[in-house]
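Report on the structure given below.
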Amino acid sequence: MSILQVVTYPDERLRKVCTPVTVFDEQLRKLAADMFETMYDDDGVGLAGPQVGVLKRIVVMDVPVDSTVEETPDRPQPHFKEVLINPEIILKSEPCRSSEGCLSVPDYTAEVDRCNRVTFRYQDLDGNVHELEAHDLHAICVQHELDHLDGKLFIDKLSRLKRERLKIKYTKLKRAQEHR
Ligand code: NI
């Protein structure tokens, strides 16, 4: 396994609509394993293909199934730890506000509109189809990550003024990094 480079805003690869995965092979498993390692290395709970420069409909996720129950080292809670291939949201309900961040928009969090409950469908690494209902953090994470597959970021939901400020800030940051 290896840690992949995380693509950061405003890289254009984060703006592409990703293509479905059609081949379920060893290479896909390796990509998923690398994505998990990259996500854990950055303390993330979800990571989508375009965030590592792969414009395919693949997401890795590791979130508590019920985030309303407190998780402590001596009382670990069950997690939804899965690779989601070609995932889609079938149903959304209970509009809510969620505080979000993204490994592709480092050191920034903001409150955005989401739904607190989703039903979604995905394929696993063997191509088997699963359908599941999620709530709270799990549901938010599904919405956030699936947006990535359509070239959308959580900051798109902010006011135009905030978005413009962010774009200037992150463009400068990127230039500074490139010139290091
Ligand atoms: Ni993200």
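The values are calculated or read from the model by the stated rules, or taken from the named source; none is laboratory data. Worth saying up front: this structure is predicted, and the values here are computed from it rather than measured. Here the Cβ is made from the backbone with ideal geometry for all residues, glycine too, and neighbour counts use every protein chain on show.
Determine which member of the set 176, 139 is modelled with pLDDT under 95, assigned to a helix (DSSP H, G or I) and either within 16 Å of the ligand (Cβ to nearest atom) or of a type in the set (A, V, I, L, M, F, W, C) (or both). Talk me through it step by step, then tell me what you get.
Numbers: 139 fails: modelled with pLDDT under 95.
Of the residues listed, the single one that is modelled with pLDDT under 95, assigned to a helix (DSSP H, G or I) and either within 16 Å of the ligand (Cβ to nearest atom) or of a type in the set (A, V, I, L, M, F, W, C) (or both) is 176.
Within the stretch 139-180, track down each residue that is more than 16 Å from residue 103 (Cα to Cα), in contact (Cβ under 8 Å) with a residue 24 or more places away in the chain and either hydrophobic (A, V, I, L, M, F, W, C) or in contact with a strand residue (DSSP E or B) (Cβ under 8 Å, 6 or more places away or on another chain) (or both).
139, 157, 158, 162
Checking the conditions here, which among 29, 13 is within 16 Å of the ligand (Cβ to nearest atom) and assigned to a helix (DSSP H, G or I)?
On the way: 29 fails: within 16 Å of the ligand (Cβ to nearest atom).
That would be 13, the only listed residue that is within 16 Å of the ligand (Cβ to nearest atom) and assigned to a helix (DSSP H, G or I).
Of 67, 2, which residue is at pLDDT below 95 and either under 23 Å from residue 121 (Cα atoms) or not small (Gly, Ala, Ser) (or both)? So that I can check it myself, show each step before the final result.
Details: 2 fails: either under 23 Å from residue 121 (Cα atoms) or not small (Gly, Ala, Ser) (or both).
None of the others qualify; the one that does is 67.
Please specify each residue of the stretch 42-71 satisfying the condition of being away from the ligand (no atom under 15 Å from the Cβ), of a type outside the set (A, V, I, L, M, F, W, C) and out of contact with any Ser or Thr (no Cβ under 9 Å at 6 or more places or on another chain).
The answer is 64, 66, 67, 68, 70, 71.
Restricting to the stretch 90-110, count the residues that are within 16 Å of the ligand (Cβ to nearest atom), surrounded by 13 or more Cβ atoms within 10 Å (Cβ to Cβ) and of a type outside the set (Gly, Ala, Ser). Give the derivation first.
In the first step, residues of the stretch 90-110 are kept if they are within 16 Å of the ligand (Cβ to nearest atom); the result is 98-110.
Restricting the remaining residues to those that are surrounded by 13 or more Cβ atoms within 10 Å (Cβ to Cβ) gives 98, 100-106, 108, 110.
Narrowing further to those that are of a type outside the set (Gly, Ala, Ser): 100, 102-103, 105-106, 108.
The qualifying residues number 6.
Which residues, taken from the stretch 117-129, are free of Cβ contacts under 8 Å to residues at least 24 places away in the same chain and either part of a strand (DSSP E or B) or surrounded by 14 or more Cβ atoms within 10 Å (Cβ to Cβ) (or both)? Outline the logic, then answer.
Step one: list which residues in the stretch 117-129 are free of Cβ contacts under 8 Å to residues at least 24 places away in the same chain, which gives 128-129.
Listed by number, the list holds a single entry, 129.
Any chance the stretch 66-84 includes a residue that's more than 20 Å from residue 20 (Cβ to Cβ), hydrophobic (A, V, I, L, M, F, W, C), without any contact (Cβ under 8 Å) to a residue 12 or more places away in the chain and out of contact with any Pro (no Cβ under 7 Å at 6 or more places or on another chain)?
So the first thing to find is which residues in the stretch 66-84 are more than 20 Å from residue 20 (Cβ to Cβ), and the list is 66-81.
Narrowing further to those that are hydrophobic (A, V, I, L, M, F, W, C): 69, 80.
Checking which are without any contact (Cβ under 8 Å) to a residue 12 or more places away in the chain leaves us with 69.
Restricting the remaining residues to those that are out of contact with any Pro (no Cβ under 7 Å at 6 or more places or on another chain) gives 69.
Scanning the stretch 66-84 turns up at least one residue that is more than 20 Å from residue 20 (Cβ to Cβ), hydrophobic (A, V, I, L, M, F, W, C), without any contact (Cβ under 8 Å) to a residue 12 or more places away in the chain and out of contact with any Pro (no Cβ under 7 Å at 6 or more places or on another chain).
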